[in-house]
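Before any comments, here is the structure.
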Amino acid sequence: MVTGASSGIGEGTARALAERGATVALVARRLDRLTALAAAIEADGGRALTIEADVTDRGQAEGAVARTVEELGRLDLLVNNAGVMLLGPIVDAPVEEWERMVNVNLVGLLYASRAALPHLLEAAENGPRGVADMVNISSVAGRQARMGSGVYNATKHAVGAFSESLRQEVTGRHLRVSLVEPGAVDTELPDHNRPEIQELLHQRFADMERLQSADIADAIAYVVTRPRHVAVNEVLIRPTEQQQ
């Protein structure tokens, strides 16, 4: 199950996992994009289930997990990818932007994780792989605080703390919890910012060859295809030219 699967890293990850034989539940709010992605996956010989859901709504997050298990038989991999990045100064910031980031980046991840955990643990114990995976998508911003990114930093640091605590709790039961921290990736993520912030981001990355969604998807696919005794707990992946 991949959240935020309608574009960017989520879409790329769903494609990469399907190419490697996974049956993928695609979860996001934009059903039209999910439908198109599912059709593309199936045209390439894969199998995909589309689930229109907003993971910031606890009932919808729980429903997405329940439907995945009901229709696909089990859940042995969750990629918590849904996220939003709304940057700018903390002073006089629109509080609505803070609330949106906290709800999507953190609360939605918590809801999906809690709903999925019993199924992931069951798959680790009785599934054919003998192991299950939760991959949480954080950011370089989850390691390094920058001026102008304060609340985004806070949400991604929280994702890292949650992931490590959960990892310690469940790793003995063969549920691997992995944190993937991308640097600058060429997706629509910056487009949700106010125009003046978009311009600053454009200036910052104009001369940099940014990562592509497929680069992050490839890293995720590597993480979840390791042998049962190998856990890749954390992956920090930046463009070669990115300094911070």
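Values in this text are rule-based calculations from the coordinates and carry no lab data. The model shown is predicted, which means the values in this text are computed figures rather than measured ones. Please note: Cβ atoms are built from the backbone with ideal geometry, for glycine as well, and neighbour counts cover all protein chains shown.
Check which residues have an amide H placed less than 5 Å from residue 25's amide H, if you skip close sequence neighbours.
2, 49
How large is ³J(HN,Hα) for each residue in region 83-93, as worked out from phi by the Karplus curve 6.51 cos²θ - 1.76 cosθ + 1.60 (θ = phi - 60°), to whole Hz, x for Gly and Pro?
Using θ = phi - 60°, the values come out as x, 9, 10, 10, 9, x, x, 6, 4, 6, 5 Hz.
Hey, what do the phi angles of region 224-238 turn into as Karplus ³J(HN,Hα) couplings, whole Hz, using 6.51/-1.76/1.60 and θ = phi - 60°, x for Gly and Pro?
Once rounded to whole Hz, the list reads 7, 9, 6, x, 3, 8, 10, 10, 8, 7, 8, 10, 9, 9, 10.
Projecting each Cα onto the charge dipole of the chain (Lys/Arg +1, Asp/Glu -1 at the beta carbon, about the Cα centre), which of 79, 41, 93 comes out farthest on the positive side?
Result: 79.
Which one of 195, 212, 131 has its Cα pushed farthest toward the positive end of the charge dipole of region 125-244, where Lys and Arg give +1 and Asp and Glu give -1 at the Cβ?
Positive-end residue among those listed: 131.
Nearest 20 debye, what's the magnitude of the dipole of region 5-140 about its Cα centre given +1 on Lys and Arg Cβ and -1 on Asp and Glu Cβ?
240
Residue 222 versus residue 199, label points 7 Å from Cα toward the beta carbon: distance in nm?
Going by the 7 Å Cα→Cβ label model, 3.9 nm.
Order by neighbour count: 134, 208, 1, fewest other Cβ atoms within 10 Å first, most last.
208, 134, 1
Going by how many other Cβ atoms sit within 10 Å of their own, how do 91, 84, 131 line up, fewest first?
Ordered by Cβ neighbours within 10 Å, fewest first: 91, 84, 131.
Go through region 120-193 and name the trypsin sites (Lys or Arg not before Pro) that are in a DSSP coil and have 12 or fewer other Cβ atoms within 10 Å of their Cβ.
146
I need the GluC sites (Glu not before Pro) found in region 137-196, filtered to DSSP loop residues with at most 11 other beta carbons within 10 Å of theirs.
188
Can you list the trypsin sites (Lys or Arg not before Pro) in region 24-77 that are in a DSSP coil and have 16 or fewer other beta carbons within 10 angstrom?
In loop regions of region 24-77 (DSSP not H, G, I, E or B), the sparsely surrounded trypsin sites (Lys or Arg not before Pro) are 29, 30, 74.
Region 2-130: Rg/Rh from Cα coordinates, Kirkwood Rh?
1.02
So if I place +1 on the C-beta of Lys and Arg and -1 on the C-beta of Asp and Glu, and nothing else carries charge, what would the dipole magnitude of the chain be about its Cα centre? I want it in debye, nearest 20.
Here the size comes out at about 700 debye.
List every residue whose amide H lies under 5 Å from the amide H of residue 234, counting only residues 5 or more places away in sequence or on a different chain, with H placed 1.01 Å from N in the peptide plane.
179
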